[in-house]
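Here's the structure we're looking at; comments come further down.
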Amino acid sequence: MISAVSTAAPVFAQVGQTQPADLQTEQAPAVPDLPVAATGSRANENAVRQAGDAFGTSIGRETIGLYNQGSVRGFSPVAAGNVRIDGLYFDPVVVPTNRISRSTTVRVGLSALGNPFPAPTGLVDFGFRRPGDAAAASLLVGLDAWGTFNVEADASLPLSNKLSLGLGASTRFENGANATLETEVGGAVSLRWRPTDTLVILPFINLQSVVFDDHGATYVPAGDYLPPQLPRRLRFGPEWVSGSQVETNMGLLVDWQLAPQWTMRAGAFRSSQDRVNGATNVVRELLPDGTGTQRILLDPPLDFASISGEVRLTRRIDDGPRQHFIHAAVRGRVGDRRFGGSDTLELGSVSIYERQVGPRPPITFSPQQQDQVRQWTGGLAYEGRWLDVGEISAGVQYSNYKKRIDLPAGGVEGTDSRPLLYNLTVAANISDRLVVYAGAVTGLEESGIAPGNAANRNEALPAIRTRQFDAGFRFAITDKMKLVGGVFEVSKPYFNLDTNNRFGLLGDVINRGIEASLAGPLTDTLSVVAGAVLLQPRVTGEAVDAGRIGDRPIGAISRRFEASADWRPPFLPGASFDTRLAYRSAETATVSNLTAIPARTQVDVGGRYRFKMSGRGVLLRLQVTNLLDVQSFELRNAGAYNLFPGRLIQGYVTVDF
């Protein structure tokens, strides 16, 4: 839930992270129930007007901000395992869809305050779509110029004064920038049961079936240079290079006000991905004239499931203008993954400007491996809030981590870690408008899996120790316009491809940076969200000292600027116009640092028109992305590229019932 907070309020503005609206008592700070991607009010979705800062927000279909769930301060919170659902720990194999997630917020710096157990590189928090007390429904139908068609439907049905049902369904027929096709259908069912005034129970299940998924090519040049201009709207590769899979997220949320001063929150989740078949389409040794060799890696059935959750008990102590919160929490996860066994097919010389045809050769799968992760973490945390003075937050956690990999030839590889983790943040109200803060946090994170073009493809990597130091301020220019700035340093072990094309530990990476955000209404008709990040990423270690790799990590971007604006002209009631300007400097593309994707600027423009039809709210939305038709590349991993999408016109209509 995203809300503007009065400057006279405590520094921990995002109270909804730890105290959902269902559990707010007379003594607890209140959080306004804004219509953020809520069933029955989706015609009001507007990320520019509903984002609290420029650090990353998704509202329904719209995403704005400097960061996203795959990249925060140069790292991926999702790959690291720093994910929450309504503030509770969640280990996603696949992230929730919009059928159960009403919004997604990246919490870094001041926006991370209020979560008693933060993590380096911030948190990605999925706001759960809770069924309401009144009957409501929303329908969205979208289409774009490439031929992608999608439908989303959500409904909230009160079954009694204590029980509400939430339903959702979607289908998508995608025609991508490279003319690949994908068909997917999904749905969700949730319940909101309130047996007493102090207890809320929310079970849910969210299924997504990728019925058919074309696998477009990834391009790997023969040397330290970028690919030639990639063909647009050309599906490259044989027709049989495709896949299908089923993705599932299910779980249970419990909010219980045990007593006026005691709150318990709990969440248990199961996230899984079952691949019926899959493939990786790679054009290797690509030359400037567009010729290379094609390699197809076909996978046997793969599956990955993780059970995770958290139980948190909070004691609140009121002491005049001061409040004290003591949190005790236990969280854990059990992950099981079957991977490997792929067959490699070499299809010989190709030109990326010619469509490939031909039957699939015979394939032979090899034995697969099993990967098992077991982790539990116990923690104690304290938050002290002194009205108009400041706040302090401190916590300690003990984590027990075990990973085991059963090798096809017999035997087991394993790694264990039992770190003691800490976090400490202090914030002070310098004035009614200015808040400053400083903090330190350590973490134990996943380092992901080896990419598709690595010699050890799909291999699970060990857990790593991480740390972060940051400091900053928030200044209220007006009651609604906020300026946020900060400095940070995040350090982690650095994994990437070595000279033998094996994905492994190469050294350490330290990201130092400055970030800033300006968000809020400039006038009654004009709202803006603008931000900037200046990053100094550096890799250290023996491989750098020996000159085997460069001192910049893969994917490093030193400068990002983004500004979005939404204008509601007073002479056109119901209409608004929006624009987004996003600049990023060159992106380091190879381990040697000899190749980089050039800097680029993207401009998007759009408009909305809201009106009533038979008493129902209706929204017409039209947008043009990449208005200037910038041609560039997307970096898949070290020295591997994909097509950056060109200009696209898209639109949708939303109707609330």
*Any idea how far apart R616 and L207 come out in nm if each label point goes 7 Å out from Cα toward Cβ?*
2.7
*Would you mind computing, in nm to one decimal, how far apart the modelled labels at L258 and V412 are, each placed 7 Å from Cα along Cα→Cβ?*
3.6
*Charge context of F577, other residues only, Cβ under 14 angstrom, K/R +1, D/E -1*: +3
_Taking 25 Å as R0, compute the FRET efficiency from the Cβ-Cβ separation of V357 and Q229 and round it to 0.05._
0.60
_Per residue, how big is the convex hull of the chain when only Cα atoms are used? Give it in Å³._
148
*Can you give the alpha-carbon Rg of region 45-95 over 2.2 N^0.38 Å, where N counts its residues?*
1.19
*Looking only at Cα atoms, what is the convex hull volume of region 281-370 per residue, in Å³?*
205
*Could you give the distance between the Cα centres of region 267-338 and region 386-456, to the whole Å?*
15
_Contact order normalised by length for region 471-551, with contacts defined as Cα pairs under 8 Å and 6 or more residues apart; what percent is it?_
25
_region 320-359: trypsin sites (Lys or Arg not before Pro) in DSSP loop, at most 15 other beta carbons within 10 Å_ = R355
*Of the listed peptides 479-489, 79-89, what is their order by residue-averaged count of other C-beta atoms within 10 Å, with the highest listed first?*
79-89, 479-489
_Debye intensity ratio in log₁₀ form over the Cα atoms of region 147-217, taken at each q of 0.14, 0.20, 0.21 Å⁻¹_ = -0.57, -0.82, -0.86
*Given Cα pairs under 8 Å that are at least 6 residues apart, what percent is the relative contact order of the chain?*
12
*222 nm mean residue ellipticity, helices alone, for the chain (DSSP H n ≥ 4; -39,500 (n - 2.57); rounded to 500)*: -500 deg cm²/dmol
*Fully extended, how many nm does the chain gain between V487 and Q372 (0.36 nm per residue separation, minus their Cα-Cα distance)?*
37.7 nm
*In nm, what is the difference between 0.36 nm times the number of residues separating A599 and L191 and their Cα-Cα distance?*
142.2 nm
*FRET E, pair N500, V330, Förster distance 45 Å, beta-carbon r, rounded to 0.05*: 0.60
*If Lys and Arg each add +1 and Asp and Glu each add -1, what is the summed charge of the other residues whose beta carbon sits under 11 Å from the beta carbon of L163?*
+2
*Cα extents of region 524-657 along the three principal axes, largest first, in whole Å?*
71, 29, 28
*What distance in nm separates the simple spin-label points at T540 and L572, each placed 7 Å from Cα in the Cβ direction?*
5.4
*Relative contact order for region 106-207: what is it in percent, counting Cα pairs under 8 Å that are at least 6 residues apart?*
19
*FRET efficiency for E239 and F149, Cβ-Cβ distance as r, R0 = 25 Å, nearest 0.05?*
0.70
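All of the numbers you see were taken from the coordinates with simple rules; none came from a lab. Just so you know, these numbers come straight off a predicted model, no measurement behind them. Ideal geometry is used to build each Cβ from the backbone, glycine not excepted, and the neighbour counts take in all protein chains shown.
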